[in-house]
Amino acid sequence: GRVGRQKPKGRGMPELPHGVASCGQTPPITKENMPKELPPLPAGVWGKVVAKAGLMKYTLLDDQGSVKSCVWMKAGAPVTIEPQTKYSLQMMGADACFTIEFFSKKPEADAASLPKSLMNPRPPTSPVTVGLVAAAVVAAAAVGYYYIKSRK
C-alpha cells in the first residue's frame, strides 16, 4: 500500500466501528519509551494508532504471529487495531513517535482494562536522559543545601 493510506475494507486494515467513544489515549510513545512487546487490546476495545512524527510500519499478525498485512504510516496517518488482535509497530528513524487512542461502546467500563504497558510507557533510559536526570537531582540537592545553610 501507499504511505499513510489504509487498504480498502476486506483487503487488510480494519476501521473503527460505529457507536464507539474514546476511553483513553497513550502519552506520546517514542523509541526511548516503547514497551518491549505491544499487548493485544482487551475484548471490546479498539485502538487508533496515529503517527505523530517520522515513519512507522504497522504489521497485522495472525494467531501464530505470521504477517497478515502491513502498512507504512507517516505523520497524521491513522491505523485501527481491532480487539484481541496481534500486531507490531516498527519505528523508522530517531524522531518517530505515535499515540494510540482507545475506543469502546462502554468507555467508562473499558477505561480500566487498557494495557498498562501502553498507558504508562517505561521512562527513557538513554545515557543522555539518565545523565540529565542525575544532574538535575544533584543541582536540586545543592540548591537545597545552600538554602538551608544560608537560613542558619
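A short reminder: the numbers here are calculations on the coordinates, not readings from a lab. In this text the structure is predicted, and so the values were computed from the model without any measurement. Ideal geometry is used to build each Cβ from the backbone, glycine not excepted, and the neighbour counts take in all protein chains shown.
Worth a mention:
- In this structure, the pairs whose alpha-carbon distance is over 21 Å, taken from LYS31/LYS68; LYS57/LYS86; LYS36/LYS57; LYS31/LYS105, are LYS31/LYS68; LYS31/LYS105.
- Between GLU15 and LYS74, the contour length at 0.36 nm per residue exceeds the alpha carbon distance by 19.5 nm.
- For a straight C-alpha distance cut-off of 17 angstrom, the aspartates and glutamates reachable from LYS48 (same-chain residues fewer than eight places away being disregarded) are GLU15, GLU82, GLU101, ASP110.
- Selection of trypsin sites (Lys or Arg not before Pro), segment 46-106, meeting DSSP coil and at most 15 other Cβ within 10 Å: LYS105
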